[in-house]
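**Student:** What follows is a structure written as structure tokens; I'll ask about it next.
The values are calculated or read from the model by the stated rules, or taken from the named source; none is laboratory data. Being a predicted model, the structure only gives us computed values, none of them experimental. Methodologically, a virtual Cβ is constructed for each residue, glycine included, from the backbone with ideal geometry; neighbour enumeration extends over all protein chains shown. Accessible surface is based on the protein model in full, side chains and every heavy atom, while ligands, DNA and RNA are left aside. Shrake-Rupley method; radii C 1.70, N 1.55, O 1.52, S 1.80 Å.
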Amino acid sequence: MSKYALITGCTKGIGKSVARCLGKMGYNLILTYATDTITALQSCTALHNECNTDVVALQADSSDKKAIDIIAHHVRNRGIKLNVLVFNAGLTCRDLFENMKQNDWERVFFANVHFPTFLLQRLLDEIN
């Protein structure tokens with residue numbers, strides 16, 4: 001039986017390192033990214049070649065609630081059972097506190113709190 005790991009926000013940095021470790025352990029990888037398709041595809045190719053495992057990148061921005069549907073749809077429609085789920089995606093607002101706008105803060109809060117909570121809720125039946 002195939003093992004699957006879903007890692008959010010992992011086409012570079014810490015997330016990509018976690019993906020590499022899991023790939024080397026034999027997990028098929030589902031990676032999410034927000035906007036940089038070129039880097040995502042390069043990461044998939046590199047991880048596939050290095051780890052000899054299946055790697056898929058999904059454009060699913062954690063600050064957009066549609067991302068939850070995109071990820072859940074992908075997993076469910078392929079009958080995938082997840083063995084590992086890593087919430088790596090996150091945002092911050094780098095504006096000075098006194099300049100921060102409410103819309104910016106709501107986007108950060110959604111990405112860091114609501115997104116992982118409600119994605120996990122949607123994927124409960126798909127977790128082994």
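**Student:** Report, ordered by chain and residue number, the aspartates and glutamates lying within cross-link reach of K81, taken as a straight Cα distance under 18 Å and ignoring same-chain residues fewer than 8 apart.
**Tutor:** D54, D69, D125, E126
**Student:** If you average the sequence gap of Cα pairs under 8 Å that are 6 or more apart and divide by the length of the stretch 1-93, what percent do you get for the contact order? Mind dumping the intermediate values first?
**Tutor:** On the way: 158 pairs, mean separation 33.5, N = 93.
Result for the stretch 1-93 is 36 percent.
**Student:** Taking the Cα centre of the chain as the origin, how large is its charge dipole in debye, to the nearest 20, when only Lys and Arg (+1) and Asp and Glu (-1) carry charge on their Cβ atoms? Walk me through the numbers on the way to the answer.
**Tutor:** Values: 14 positive and 12 negative charges, 73 e Å.
Dipole size: approximately 360 debye.
**Student:** Once the piece of chain linking D69 and D95 is laid out straight, how much longer is it, given 0.36 nm per residue of separation minus the C-alpha distance between them?
**Tutor:** Working: separation 26, 0.36 × 26 = 9.36 nm, distance 2.99 nm.
Residue separation times 0.36 nm, minus the Cα-Cα distance, leaves 6.4 nm.
**Student:** If you take the Cα Rg of the stretch 1-114 and divide it by 2.2 N^0.38 Å, with N the number of residues, what do you get? Show your work: numbers first, answer last.
**Tutor:** Working: Rg = 15.0 Å, N = 114, 2.2 N^0.38 = 13.3 Å.
Taking the Cα Rg and dividing by 2.2 N^0.38 Å, one obtains 1.13.
**Student:** Follow-up question, since we're still on this one. State in Å² the accessible area per residue of the stretch 65-112; use a 1.4 Å probe, count heavy atoms of protein chains only, and round to the nearest integer. Don't jump to the answer; show the numbers that get you there.
**Tutor:** On the way: 3470 Å² over 48 residues.
Result: 72 Å² of accessible area for each residue.
**Student:** Any chance you could give the angle, 0 to 90 degrees and rounded to 10, that helix 37-51 forms with the longest Cα principal axis of the chain?
**Tutor:** 30 degrees
**Student:** Kindly express, to the nearest 10 degrees and within the range 0 to 90, the angle between helix 13-24's C-alpha long axis and the longest C-alpha principal axis of the chain.
**Tutor:** 20 degrees
**Student:** Something else now. Looking only at D54, D95, D36, which one moves most when the chain is put into a Gaussian network model with springs between Cα atoms under 10 Å?
**Tutor:** In this elastic network of the chain, the residue with the biggest mean-square fluctuation among D54, D95, D36 is D95.
**Student:** I would also like to ask the following. For the chain, what % of the accessible area comes from carbon and sulfur atoms, probe 1.4 Å?
**Tutor:** 53 percent
**Student:** Moving on. Of T11, A57, L82, whose Cα points farthest to the positive end of the dipole of the chain (charges on the beta-carbon: +1 Lys, Arg; -1 Asp, Glu; origin at the Cα centre)?
**Tutor:** The listed residue farthest towards the positive side: L82.
**Student:** Assuming 0.36 nm per residue, please report the length gained on full extension of the stretch I14 to R78 beyond their Cα-Cα distance. Don't skip to the end; give the middle numbers.
**Tutor:** Working: separation 64, 0.36 × 64 = 23.04 nm, distance 2.70 nm.
Going from the current span to full extension adds 20.3 nm.
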